[in-house]
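Visitor: Pasting a structure below so you can have a look.
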Amino acid sequence: MTTADLILTHARVLTMDPDRPRAEAVAVAGERILAVGGAAEIAALAGPRTRIIDAGGQTVLPGFFEGHVHLGLGGADLTHLHIGHLHGAEAVATAFRDFAAENPDAPLLMAQEAHYGILDKPTTRHDLDAMIADRPIAMMAPDLHTVWANTAALEAAGLLHGAEMPHGHEVVMGEDGLATGELREFEAFGPLIAYSGEGRINLGIATGEEPDPWPTETERAADKALLLKGMEHCAAHGVTSLVNMDGNRYTLELLSEMQAEGTLALRVKVPFHFKPHMELSALDRASAMASDFDDDWISSGFVKMFMDGVIDSSTAYMLQDYPSQPGHRSEPLFAPELFKEIATEIDRRGLQIAVHAIGDGAVRTVIDGYQAARAANGPRDSRHRIEHIELIDPADVPRMGALGITGSLQPPHAPGAMDFPLQPTLSLIREERWVDAYQWRSLAEAGAPVAFSSDWPVADVSVLRGITAALTRAPYDGARDERLSQMETLRAYTSGAAWAAHRDHVTGSLRPGLAADLVMLGGDIEATAPDKISDLGVILTICGGRIIHGAGFSA
């Protein structure tokens, strides 16, 4: 009989295994789950060297699976100024000046979480110049799709006089022939990020290309430090696996180096980012990444794309005009017929597809593309995904289920649910369409698989806060209650997210033979009021049988 290395006992174990949904104890041997069952049954697996942790009736779950996160960006974000709690030019200026004094050598002072109405007016470089003029400073919107920079920052990045940009990315110009300071989408503010020294870690989302020249050992070490910082932050919130939704081969190489060095804390899946300017032949790189990186810890096997921007900057592609903007619906980043061709080729290669689509026009374009791929190649276990789906036309909801398209959704994103205010987002969605916004239950009832995530650093990576947001969100006027039940929500953060990432053969549920990825909470989640779940805290995080978070447990 195999002896357990570790036993968690006297717990309220929610396994996410339909064959045995509840248990009292879990036994771990090496990196795998040895057994799940009653406390007495599992105690028989203990040996003289078995470590036994008494959970004292607290909840134990599969380690949370973060299905949509930006790991390198999140690691960098932890080093930036955070101003989401501030409002008004004076408060922002004070924060910037204090941050500047604390960071005298930083090439760029970057602030995060600058909501679109933070200055009560459209932000320009002149507003930021009034705060600090002699050093480059910039503010990033919470959605990571818009940056506002001062004149010094624009000059340093070579953007003050404008720059030619790909379709959908824009350096906004003023009547004086100079940049206003507003930079829309990743390639527009990419030069600014590069100037800050964080350009390599942003390449996956900004251009989809690889660093050239290849980074030195010192540069790679700096980038690995950001990835590790991000992993440690995720682990503290009970995350054991994640899908890094921006990436390239360089990201995979860094993770592989960390694996060899023994510093890889979490399981990470990384896409190939296909951009509108690329030829279909670029997908050879995606296929190579899929074949070269495919173990229980590091994997690829999917292609990420952007179909539109975001609602707050009116770059989300809509089927109807934006309110107060007659004639403006934005545009898809991929022409519909081109997207069908690309999706069909990706699907033919046996790769998964994940597309950012926020507006209902973008969502329909992606659904049409997936349908075309299925018609051309035949049905298979593709698990193609749509990321975000903040607005969907009623006619497209049943199509999601019929085609088996996964809704990769973020409970923290719904305005009013967590940190994002109701405005300006709801004012940019027609009131009669609020019923079609941020649908979760409607998609699930239509048969669409659902996975939940945070999109960190767009939103707080705390899964417990995300669960609270999912369970306490109030319906918008005239809209139905789109909340899922507590158990459905927990599945969407564990087994559902693992399934959506094609990793359910590795993790996502607590079954013998699967990875020993577990999280223990600071109480009984089922006995906790929904608005108090975020207060439970994560007591212990185990990944691959190794304790990666938990004061008092790791020694």
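Visitor: Please arrange Ser313, Ser427 by counting, for each residue, the other beta carbons lying within 10 Å of its beta carbon, fewest first.
Guide: The order, fewest Cβ neighbours first, is Ser427, Ser313.
Visitor: Tell me the net charge near Ala55. Cut-off is 12 Å between Cβ atoms, Ala55 excluded, with +1 for each Lys or Arg and -1 for each Asp or Glu.
Guide: That works out to -2.
Visitor: Cβ neighbours within 10 Å, averaged per peptide: list 438-445, 350-357, 521-528 in order, most packed at the top.
Guide: Most protected by this proxy first, the peptides run 350-357, 438-445, 521-528.
Visitor: Sticking with this structure for a sec: Between rounded, prolate and oblate, where does the chain land on the alpha carbon gyration tensor, with a ≥ b ≥ c its root eigenvalues, rounded for a/c under 1.5, else prolate if a/b exceeds b/c?
Guide: Judged from the Cα gyration tensor, the chain comes out prolate (a/c at least 1.5, a/b above b/c).
Visitor: Sort segment 302-504 into rounded, prolate or oblate with this rule: let a ≥ b ≥ c be the square roots of the eigenvalues of the Cα gyration tensor; rounded if a/c is under 1.5, and if a/c is not under 1.5, prolate when a/b is larger than b/c, oblate otherwise.
Guide: Verdict is oblate for segment 302-504.
Visitor: Another question, then. What list of ³J(HN,Hα) values in whole Hz, one per residue of segment 483-493 in order, does the Karplus curve 6.51 cos²θ - 1.76 cosθ + 1.60 (θ = phi - 60°) give from phi, with Gly and Pro shown as x?
Guide: Working through the residues one at a time gives 6, 8, 5, 4, 5, 4, 5, 4, 5, 5, 9 Hz.
Visitor: Still on this structure, I have one more. Quick one: work out the % antiparallel among DSSP beta bridges in the chain, nearest 5.
Guide: Bridges in the chain are about 45 percent antiparallel.
Visitor: For segment 54-181, with only Lys/Arg (+1) and Asp/Glu (-1) charged at the beta-carbon, what is the dipole magnitude about the Cα centre, in debye rounded to 20?
Guide: Dipole of segment 54-181, to the nearest 20 debye: 40 debye.
Visitor: With an 8 Å cut-off on Cα pairs and a minimum separation of 6 or more residues, tell me the relative contact order of the chain in percent.
Guide: 16
Visitor: Kindly rank 48-54, 74-80 from highest to lowest mean number of other beta carbons found within 10 Å of each residue.
Guide: Going from most to least packed, we get 74-80, 48-54.
Visitor: Let me ask something else. Quick one: work out Rg over Rh on the C-alpha atoms of segment 73-206, Rh as Kirkwood radius.
Guide: Result: Rg/Rh = 0.92.
Visitor: Where nothing but the Cβ of Lys and Arg (+1) and of Asp and Glu (-1) is charged, how large is the charge dipole of the chain around its Cα centre, in debye to the nearest 20?
Guide: Roughly 1740 debye, rounded to the nearest 20.
Visitor: What's the center-to-center distance, using Cα atoms, between segment 447-472 and segment 493-555 in Å?
Guide: Rounded to whole Å, the Cα centres lie 15 Å apart.
Visitor: Now for a separate question. What net charge is computed for the residues neighbouring Arg22, neighbours being all others with C-beta under 15 Å from the C-beta of Arg22, Lys and Arg scored +1, Asp and Glu -1?
Guide: Around Arg22, the charge tally is -2.
Visitor: Using the charge dipole of the chain (Lys, Arg: +1 at Cβ; Asp, Glu: -1 at Cβ; taken about the Cα centre), state which of Pro18, Gly197, Pro449 has its Cα farthest towards the positive end.
Guide: Comparing the listed Cα positions along the dipole, Pro18 ranks first.
Visitor: Hey, if you put +1 on the Cβ of every Lys and Arg and -1 on every Asp and Glu Cβ in the chain, which of Ser287, Ile525, Leu227 ends up farthest toward the positive end of that dipole?
Guide: Of the listed residues, the answer is Ile525.
Visitor: Still on this model: Provide the percentage of antiparallel DSSP beta bridges, counting only those with both residues in segment 1-159; round to the nearest 5.
Guide: Expressed as a percentage, antiparallel bridges in segment 1-159 total about 55.
Visitor: In whole angstrom, how far apart do the alpha carbon centroids of segment 132-202 and segment 312-326 sit?
Guide: The distance from the Cα centre of segment 132-202 to that of segment 312-326 comes to 23 Å.
Visitor: What ranking, highest mean first, results for peptides 244-256, 57-69, 173-185 when packing means the other Cβ atoms within 10 Å averaged over each residue?
Guide: Descending mean neighbour count gives 57-69, 244-256, 173-185.
Visitor: Listing Leu160, Leu108 from the residue with the fewest other Cβ atoms within 10 Å to the one with the most, what is the order?
Guide: Fewest to most other Cβ atoms nearby, the residues stand as Leu160, Leu108.
Visitor: At a 10 Å Cβ-Cβ cut-off, how would you order Val171, Val303, fewest neighbours first?
Guide: Fewest-to-most Cβ neighbours within 10 Å comes out as Val171, Val303.
Visitor: Of all beta bridges DSSP finds with both residues in segment 73-206, what is the antiparallel percent, to the nearest 5?
Guide: DSSP beta bridges in segment 73-206 are roughly 65 percent antiparallel.
Visitor: How much mean residue ellipticity at 222 nm does the chain get from its helices, if each DSSP H run of length 4 or more adds -39500 (n - 2.57) and you divide by all residues, to the nearest 500 deg cm²/dmol?
Guide: Helix-only estimate at 222 nm: -8500 deg cm²/dmol.
Visitor: Residues with beta-carbon under 10 Å from that of Ala500, excluding Ala500: net charge, scoring Lys, Arg +1 and Asp, Glu -1?
Guide: +2
Read-outs throughout are calculated quantities, based only on the coordinates presented, and are distinct from any laboratory measurement. The structure displayed is predicted, hence computed values, not measured ones. Counting neighbours? That spans all protein chains shown, and the Cβs are built from the backbone with ideal geometry, glycine included.
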